[in-house]
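Only one structure is covered here, and it is reproduced in the block below.
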There are 2 protein chains.
Amino acid sequence: MPKVGVLLSGCGVFDGAEIHEAVLTMLELDKRGCEMVVMAPDKPQMHVINHLTGEVAEGETRNVLVESARIARGEIKNIDDVKAEELDALVMPGGFGAAKNLSTFAVDGANAKVDPSVAKLLKEVHSQGKPIAAVCIAPAVVAAALGEINPELTIGNDEATAKAIESMGGKHFVCPVDGFHVDEKNKIISTPAYMLGKRISEVHAGISKMIDALMKLIG
Amino acid sequence: MPKVGVLLSGCGVFDGAEIHEAVLTMLELDKRGCEMVVMAPDKPQMHVINHLTGEVAEGETRNVLVESARIARGEIKNIDDVKAEELDALVMPGGFGAAKNLSTFAVDGANAKVDPSVAKLLKEVHSQGKPIAAVCIAPAVVAAALGEINPELTIGNDEATAKAIESMGGKHFVCPVDGFHVDEKNKIISTPAYMLGKRISEVHAGISKMIDALMKLIG
């Protein structure tokens with residue numbers, strides 16, 4: 001039974017992990033018999049967005065790990081308590097949380113800094129020859145953390161984001177919502193999901209295929 | 001294209017809508033080509049639970065509609081702005097929010113009161129001969145709102161909850177997590193989901209079959 005890390009960044013597309021992408025990732029891993037280690041960093045969110053209005057909720061603060069626990073139904077670990085050695089692979093769902101809480105990509109673009117715990121885990125998982133899968137905007141975090149290996153990544157077809165990924169050392173591949181791309185050399189897989197998707201069923205199609213490819217890379 | 005209401009109760013199993021059940025409901029409706037009208041009441045949650053610790057977050061307040069908007073990616077309506085006439089069916093995912101925010105079942109058991117907007121919509125949808133599907137603990141809200149029609153409902157196999165449902169006028173049917181029950185006369189369908197489920201894939205199996213049955217009732 002493969003043991004797969006699922007790295008969350010909060011709970012909600014505009015300030016945390018994209019909920020549909022996170023749940024559909026968990027569904028597809030569970031359907032294939034994987035044990036999941038759901039995790040998140042224990043730190044404050046960059047900010048809280050009212051998802052009804054799209055506005056910043058002034059004066060409100062939430063914690064990335066505590067909010068991610070909503071998606072995980074309480075079964076979640078602090079990322080600092082997870083060792084790369086115990087995982088067979090790592091998956092990162094998207095949502096603005098990846099660009100706001102796991103890295104500073106939303107603010108700094110190609111100059112993004114990656115959360116130290118996230119950067120450490122990504123580098124260790126990769127250096128141990130284990131695959132990494134990144135959904136939606138999460139490939140930008142992979143490029144920021146692992147630019148020196150020139151990872152092949154998808155982001156849909158957004159030119160500004162693609163350019164930023166290339167500036168960080170990544171190679172961008174245009175990809176439809178129900179597709180995915182595999183960087184065989186680096187064992188990195190990605191799918192655009194809601195970077196392009198309008199419907200949950202098409203996002204599901206891409207994530208399902210991506211998890212199939214992940215299982216092949218786990219071997 | 002059937003137009004199906006999805007009634008949420010917040011965002012998180014312990015104080016709102018169960019996130020997996022809500023997302024999987026939306027996935028299965030979208031896969032079958034349904035248009036969704038996601039909705040929630042605009043009112044404060046009963047309380048906020050820290051999903052990492054399971055404790056009440058003292059002094060914190062959140063709004064049911066605003067938090068439900070996280071699951072809906074902002075595409076959500078105040079339940080008071082939704083008319084039964086515009087819907088072909090209504091689905092209620094579970095989570096403690098159904099028992100805490102849509103009704104007082106978590107506190108009052110068989111003496112539960114239903115939120116007036118929720119009760120009104122349930123009664124109108126039913127009186128118009130349209131089907132209602134309820135997941136996990138949500139059948140308790142159906143029993144509280146529509147006990148006089150003696151709805152046949154599932155809750156898994158929890159004896160106390162089953163007894164409370166029968167006290168409110170419902171008829172309880174023991175059901176496995178990957179099954180569902182149809183009350184043909186009343187056009188009410190239910191599945192136990194996380195009342196019994198340990199894995200997201202088995203919860204998905206039950207919800208998928210329930211939505212199939214819902215489509216048949218819509219006709």
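The values are calculated or read from the model by the stated rules, or taken from the named source; none is laboratory data. As the structure is a computational prediction, the values presented were derived from the model and not from experiment. So basically every Cβ, Gly included, is an ideal-geometry build from the backbone, and we count neighbours across all protein chains shown.
What to note about this one:
- Selection count where residues are small (Gly, Ala, Ser) and out of contact with any strand residue (DSSP E or B) (no Cβ under 7 Å at 6 or more places or on another chain), scope segment B:72-110: 8
- Filter result for the condition that a residue is in contact with a helix residue (DSSP H, G or I) (Cβ under 8 Å, 6 or more places away or on another chain) and either among the basic types (Lys, Arg) or modelled with pLDDT under 95 (or both), over B:Lys209, B:Lys187: B:Lys187
- Test: residue in segment B:7-18 that is more than 9 Å from every other protein chain (Cβ to nearest Cβ) and over 20 Å from A:Ile19 (Cβ atoms): no
- Residue list for segment B:174-210, restricted to those being touching a strand residue (DSSP E or B) at 6+ places or on another chain (Cβ under 7 Å) and within 14 Å of another protein chain (Cβ to nearest Cβ): B:Ala193, B:Gly206, B:Ile207
- Members of segment B:65-114 found to be more than 22 Å from B:Ala193 (Cα to Cα) and among the β-branched types (Val, Ile, Thr), listed by number: B:Val66, B:Ile76, B:Ile79, B:Val82
- If only residues of segment B:31-60 that are without any contact (Cβ under 8 Å) to a residue 60 or more places away in the chain and of a type in the set (D, E, K, R) are counted, the one that is surrounded by the fewest Cβ atoms within 10 Å (Cβ to Cβ) is B:Glu58.
- Every residue from segment A:70-93 that is hydrophobic (A, V, I, L, M, F, W, C), closer than 28 Å to B:Glu55 by Cα and more than 14 Å from chain B (Cβ to nearest Cβ): A:Val82, A:Met92
- Residue match in segment A:83-90 (condition: surrounded by fewer than 24 Cβ atoms within 10 Å (Cβ to Cβ), in contact with an Asp or Glu (Cβ under 6 Å, 6 or more places away or on another chain) and small (Gly, Ala, Ser)): yes
- Against the test of being in contact with a strand residue (DSSP E or B) (Cβ under 9 Å, 6 or more places away or on another chain), closer than 26 Å to B:Asp88 by Cβ and more than 7 Å from chain A (Cβ to nearest Cβ), the options B:Val56, B:Val38, B:Val48 yield a single qualifying residue, B:Val38.
- For segment A:59-69, the set of residues classified as more than 9 Å from chain B (Cβ to nearest Cβ) and not in a loop (DSSP other than H, G, I, E, B) consists of A:Val64 only.
- Complete set of residues in segment B:71-94 that are over 11 Å from B:Gly5 (Cα atoms) and assigned to a strand (DSSP E or B): B:Asn78
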